[in-house]
Amino acid sequence: MFREITRLFDRSEIDEELFEDLEMLLIQADVGWDVSQQLVAELQQRIREEHIVNPSDAREVLRLEMIKLLELATRNRRVKILQRGVPFVILVTGVNGTGKTTSIAKLAHYHKSFGRNVMLAAGDTFRAAAIDQLTVWGERIDCPVISHSQGADPGAVVFDAMQAAHNRNVDVLIVDTAGRLHTKHNLMAELQKLRRIMQKHVPDAPQEVVLVIDATTGQNGLVQATEFSKAVEISDIMLSKLDSTAKGGIAFSIAKQLGTPISYVGTGEKVTDLAEFRPDTYVDSLFFGEGEGF
Ligand SMILES: Nc1nc2c(ncn2[C@@H]2O[C@H](COP(=O)(O)OP(=O)(O)OP(=O)(O)O)[C@@H](O)[C@H]2O)c(=O)[nH]1
Ligand SMILES: [Mg+2]
């Protein structure tokens, strides 16, 4: 999709058709109607004000405007301080199937690569398979997993995990949650309960709340993100399955509408398929297929 946008500027002059096609392509690439309009309007204005006549210069302006949009949200990123002896708790949320459990394994691997002591908590007690899946990941990446049986109270799992994290000098505790609580009220109540339990041990836990959004769900991902951010304060977004979509424009809607920083991207099913999100690398990879691994 973005390659087509790049090609759009391979013409001899800037004309009205360029803007019409650009808007259409942006919308098709999941950028969303509002943000697409905004980007086209900004581009037109700068072309006028800066007397730009060369289409390739116009493309560069668009590229910079898109980076700026993503950087606005990135600026909201909180500084994270990992203190020795205090578990840094990461709560991972999201609708079912978005890639939470896989992302937890990736985050665990990421933190382990810095030499941190990582532990996982199987807070998704809804299905036995969810607990097994996390356990298998734990074995694969050599990471202890605290779990109870299916149907157990996630609060009890988190309570045990917090205690175990303290006892075993864990630096990073990552908590899985169920994505299937159907009403927003239940979801809110559950996440708030987990937070209270964590805070009995660590007053500012969870220090990171990651919302996993499946990039292939397009604008629907934005709707989910809006709902979740009403239930719990999201600190970071993980955009998963970017390898499975040719679009990727959802990042711009998220940045604009939510202002929540996208911190990570998932680019495959392996633990190593995680990258830190960088606006410039992201835009370049969309436009030119560059920036391997972001
Ligand atoms: N291609 C690709 N697949 C991914 C990525 N992240 C997760 N997946 C796949 O998406 C599917 C769902 O992933 P899970 O981690 O089980 O998702 P979940 O949110 O924990 O799902 P539930 O526990 O059922 O709510 C699995 O088949 C994963 O391998 C990614 O970045 N790229
Ligand atoms: Mg899961």
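Please treat every number below as a calculation from the coordinates, not as lab data. Bear in mind the structure is a predicted one, so any value in this text is a computation, not a measurement. As a convention, Cβ positions derive from the backbone with ideal geometry for all residues, glycine included, and neighbour counts pool all protein chains shown.
Points to keep in mind about this one:
- By the Kirkwood approach, averaging reciprocal distances over each pair of separate Cα atoms, segment 51-203 gets a hydrodynamic radius of 17.2 Å.
- A protection proxy built from the mean count of other Cβ atoms within 10 Å ranks the segments 223-231, 101-109, 196-204, most packed first, as 101-109, 223-231, 196-204.
- For segment 157-247, the Kirkwood estimate of the hydrodynamic radius, built from every pair of different alpha carbons, is 14.6 Å.
- Placed amide H near residue 240: partners under 5 Å, 5+ positions off or other chain: 213, 214, 215, 266
- The amide H of residue 274, built 1.01 Å from its N in the peptide plane, has 267 as neighbours under 5 Å, considering only residues 5 or more places off or on other chains.
- Packing around the peptides 3-13, 114-124, taken as the average count of other Cβ atoms within 10 Å per residue, puts them in this order, highest first: 114-124, 3-13.
- Normalised alpha carbon radius of gyration of the chain [divisor 2.2 N^0.38 Å]: 1.09
- Placing +1 on the Cβ of every Lys and Arg and -1 on the Cβ of every Asp and Glu, with nothing else charged, gives the chain a dipole about its Cα centre of roughly 1580 debye.
- Flagged links, alpha-carbon separation over 31 Å, of 200/270; 68/193; 200/256; 112/184; 68/230; 80/270: 200/270; 68/193; 200/256; 112/184
- Annotation: extensible slack from residue 128 through residue 166 equals 11.0 nm (criterion: 0.36 nm per residue apart, minus Cα-Cα distance).
- P(r), alpha carbons of segment 49-112 - 10 Å bins starting at zero, rounded %: 15, 25, 27, 16, 14, 3
- In terms of overall dimensions, the C-alpha atoms belonging to segment 2-74 reach 33, 24, 18 Å along their principal axes, ordered largest to smallest.
- Each 10 Å bin from zero up to the one holding the largest Cα-Cα distance in segment 1-131 carries the following percent of pairs: 10, 28, 20, 18, 18, 6, 0.
- Alpha carbon centroid spacing (whole Å) that separates segment 1-27 from segment 212-237: 29
- The chain: calculated mean residue ellipticity at 222 nm from DSSP helix runs of at least 4, using -39500 (n - 2.57): -16000 deg cm²/dmol
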